[in-house]
1. Assuming R0 = 22 Å, what is the FRET efficiency of residue 11 and residue 89, from their Cβ-Cβ distance, to the nearest 0.05?
2. Using amide H atoms built 1.01 Å from N in the peptide plane, name the residues 5+ places from residue 92, or on other chains, whose amide H lies under 5 Å from its own.
3. May I ask you to compute the full-extension gain from residue 222 to residue 210, defined as 0.36 nm times their residue separation minus their alpha-carbon distance, rounded to one decimal in nm?
4. Apply the Karplus curve 6.51 cos²θ - 1.76 cosθ + 1.60, θ = phi - 60°, to the phi angles in the stretch 69-86 and return the couplings in whole Hz, x for Gly and Pro.
5. Using the beta-carbon distance between residue 166 and residue 27 and R0 = 30 Å, what value does 1/(1 + (r/R0)^6) give for FRET efficiency, to the nearest 0.05?
6. Measure out, as a whole number of angstrom, how far apart the alpha-carbon centroids of the stretch 1-80 and the stretch 175-204 sit.
7. In square angstrom, rounded to the nearest 10, how much accessible surface does residue 59 have for a 1.4 Å probe?
8. Enumerate the calculated ³J(HN,Hα) couplings along the stretch 13-27 in order (Karplus 6.51 cos²θ - 1.76 cosθ + 1.60, θ = phi - 60°), each rounded to whole Hz, writing x wherever the residue is Gly or Pro.
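The values are calculated or read from the model by the stated rules, or taken from the named source; none is laboratory data. Computed from a prediction, not measured in an experiment: that's the story for all the values here. Note that we place each Cβ from the backbone using ideal geometry, even for glycine, and neighbour counts take in every protein chain shown. Quick note on the areas: whole protein, heavy atoms, side chains included, nothing else; ligands and nucleic acids left out. Shrake-Rupley method; radii C 1.70, N 1.55, O 1.52, S 1.80 Å.
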Amino acid sequence: NGGSPYQRSLFSQFGRRDYSYADKYLVSATLRRDGASVFDADHRFGTFPSVTAGWRISEESFFKPITFFNDLKFRGGWGKLGSINNIGATNAYTLYASGAGYSYYSIDGGANSATQGFYQSQFGNPATTWEQDIISNVGLDMTILNNKLSFSFEWYKKKISGLLFRKQSLIANYAGGATQPIINSGDIQNTGLDMNATYRAKIGSDFHFDVTANLTTYKSKIVSLPAGYKYQDYSSSGSTR
């Protein structure tokens with residue numbers, strides 16, 4: 001019989017502050033600090049702030065004569081979040097095991113005098129730390145025609161830094177096939193535009209309906225890769241570019 005118990009812990013603290021003035025100027029700020037046991041003690045904690053702001057221009061006195069708009073709001077935000085991406089509890093540590101066929105050694109050189117020892121089963125990486133998602137966005141929301149028609153436009157950029165992937169092994173079956181650790185292995189960036197329009201109406205006094213149309217654009221870019229890493233783009237036919 002054998003067993004391998006592990007424990008993974010996550011500790012978080014966060015605070016939030018919201019402010020609204022005359023229902024025209026809106027600000028919300030959040031600050032959180034997270035700690036994860038899957039990282040080495042020197043890289044265990046991360047601090048992640050975010051802030052959003054909005055301006056309801058339709059509530060300004062100079063905008064009141066424009067009756068075509070029921071509501072018009074500009075907004076924007078910036079925030080940072082951390083991810084541990086299912087890292088194992090022992091990723092920071094180099095591990096050894098016994099019992100496999102290649103953990104038997106001939107101490108005195110004799111063919112029949114194999115002695116059980118230990119082999120390296122995992123490479124550890126104490127430098128692995130949080131994968132960070134940095135998200136920026138600006139947008140516009142409006143409602144017109146007595147709240148019958150509403151529009152929303154948003155541009156966003158999401159930069160993911162320190163992607164968590166398992167390290168590529170450059171030597172096949174090295175140290176008896178020891179597992180490579182998960183490391184921070186590059187940055188990517190996604191940008192796009194989201195737009196939607198909704199029309200609301202009713203027929204008679206009991207039947208209400210909505211019709212919504214959406215349009216989304218998306219572009220992904222590899223910003224950086226660690227030294228020695230290569231990127232391969234696989235087509236649907238299985239070939240590489």
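1. So, using R0 = 22 Å, E works out to roughly 0.90.
2. Excluding prolines and chain starts, which carry no amide H, the hits are 125.
3. 0.4 nm
4. Working through the residues one at a time gives 9, 8, 7, 8, 9, 9, 8, x, x, 8, x, 10, 10, x, 9, 9, 6, 6 Hz.
5. The calculated FRET efficiency here is 0.15.
6. Going from one Cα centre to the other spans 18 Å.
7. 60 Å²
8. Once θ is set to phi - 60°, the couplings for the stretch 13-27 become 10, 8, x, 9, 9, 10, 9, 9, 10, 6, 6, 10, 10, 10, 9 Hz.
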